Amino acid sequence: MAENEKLIEQRCYELLKARGVTFAAAESCTGGLIAKRITDVPGASRVFMGGVVSYTDTVKHRVLDVPAEMLEEYGAVSAPVARAMAEGARKATTADCAVSVTGVAGPDRDERGNAVGTVFIGFSSPEETVAERFDFGEKSRAEIRALSAEEAFKLLEEKLKEA
């Protein structure tokens, strides 16, 4: 199978394994989809430390150590929170790097007025922590969740190739 025909999670697995790097995931609107997709890859336990489905602010704060003040100021669907979630997942699992996803999958806007399809994806490693905003538009919950997980793997792949 050609490299570009492989699923992105398979490509990420191979990059992680080749570099001796582990990763973790902090997921909100994807509800564990990143963890599901990577654990579908045989041998994933070599590279995947685990994940946290932090569907509420309480779990974001208590488990991922996202500061309550940050959640209050920016809201859960924000770049600062996506960065903090990725950092928290990395620290909680002792992974080398982590990805995070927080967003609005619908059916309605969130309490701060963020539109359905607004998603922030984060990445954290010892060298950097970043977050990117995506506007997937008025798609179904399933489509937004799938696109969010795909983009998280793309960000992971990009960062692994840079290393």
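Observations
- Trypsin sites (Lys or Arg not before Pro) restricted to the stretch 102-163 and DSSP loop, no more than 15 other C-beta within 10 Å: Arg109, Arg112, Lys139
- On Cα atoms only, tilt of 141-162 relative to the major axis of the chain in degrees: 50 degrees
- Counting only alpha carbon atoms, the long axis of helix 79-93 and the longest principal axis of the chain meet at about 50°.
- Split the accessible area of the chain by element, probe 1.4 Å, and carbon with sulfur accounts for 49%.
- Annotation: amide H of Ala26 within the under-5 Å range of Val52, Val99, Ser100, Val101, sequence separation 5 or more or interchain, hydrogens built in the peptide plane.
- Shown here for the stretch 107-158: GluC sites (Glu not before Pro) in loop regions (DSSP other than H, G, I, E, B) with at most 15 other Cβ atoms within 10 Å, namely Glu111, Glu127, Glu128, Glu138.
- Extension gain, Thr39 to Glu5: 0.36 nm times the residue separation minus the Cα-Cα distance gives 10.4 nm.
- Computed P(r) (all Cα pairs; the chain; 10 Å bins; percent): 12, 44, 33, 10, 1
- Label sites at Ala146 and Glu132, each approximated as a point 7 angstrom past Cα along Cα to Cβ, lie 2.0 nm apart.
The values are calculated or read from the model by the stated rules, or taken from the named source; none is laboratory data. Not measured: the values here are computed from a predicted model. FYI the Cβ positions are ideal-geometry reconstructions off the backbone, even for glycines, and counts take in every protein chain you see. The protein model used for the area step is the full one, side chains on, heavy atoms only, and it has no ligands, DNA or RNA in it. Shrake-Rupley method; radii C 1.70, N 1.55, O 1.52, S 1.80 Å.
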